[in-house]
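Below: one structure, written as structure tokens.
The values are calculated or read from the model by the stated rules, or taken from the named source; none is laboratory data. Just so we're clear, the structure is a prediction, and the values are computed from it rather than from any experiment. Quick reminder, even Gly has a Cβ in these numbers, built from the backbone with ideal geometry, and neighbours come from all protein chains shown.
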């Protein structure tokens, strides 16, 4: 049986990893074994950070809505409850944009709930 040297496929696999390790320092970008470990770790952090970003943005939206609601004499939880009771389906992202950029519109919305 013929000998298989794994030239093309293995090189393509290694080059893919080394290309991802382009911005790293020293052996982490040149040597496949170290680059592979570093890239795997970096990709794990990327996955985790995407989840954290969603969590952090939701916290920011809630803070902005609460600040706007407190300026109008109510709280975040009471405001969200009134929105649900009145079947107003505005998400937190849009409410926070209204509270920070269009306060008059946010004020009109809150006053219409009372």
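Of the numbered criteria (1) touching a residue at least 24 places away in the same chain (Cβ under 8 Å); (2) in a helix (DSSP H, G or I), the one residue 74 fails is (2). Listed conditions (1) modelled with pLDDT of 95 or more; (2) surrounded by 12 or more Cβ atoms within 10 Å (Cβ to Cβ) are all met by residue 113, apart from (1). Just a yes or no: is a residue in the range 23-35 in a loop (DSSP other than H, G, I, E, B) and under 23 Å from the mean Cα position of the chain (by Cα)? Within the range 23-35 (the criterion being in a loop (DSSP other than H, G, I, E, B) and under 23 Å from the mean Cα position of the chain (by Cα)), the answer is yes, since at least one residue qualifies.
Conditions (1) surrounded by fewer than 11 Cβ atoms within 10 Å (Cβ to Cβ); (2) more than 30 Å from residue 92 (Cα to Cα), marked per residue:
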residue	(1), (2)
15	no, yes
20	no, yes
23	yes, yes
27	no, yes
31	no, yes
50	yes, no
60	no, no
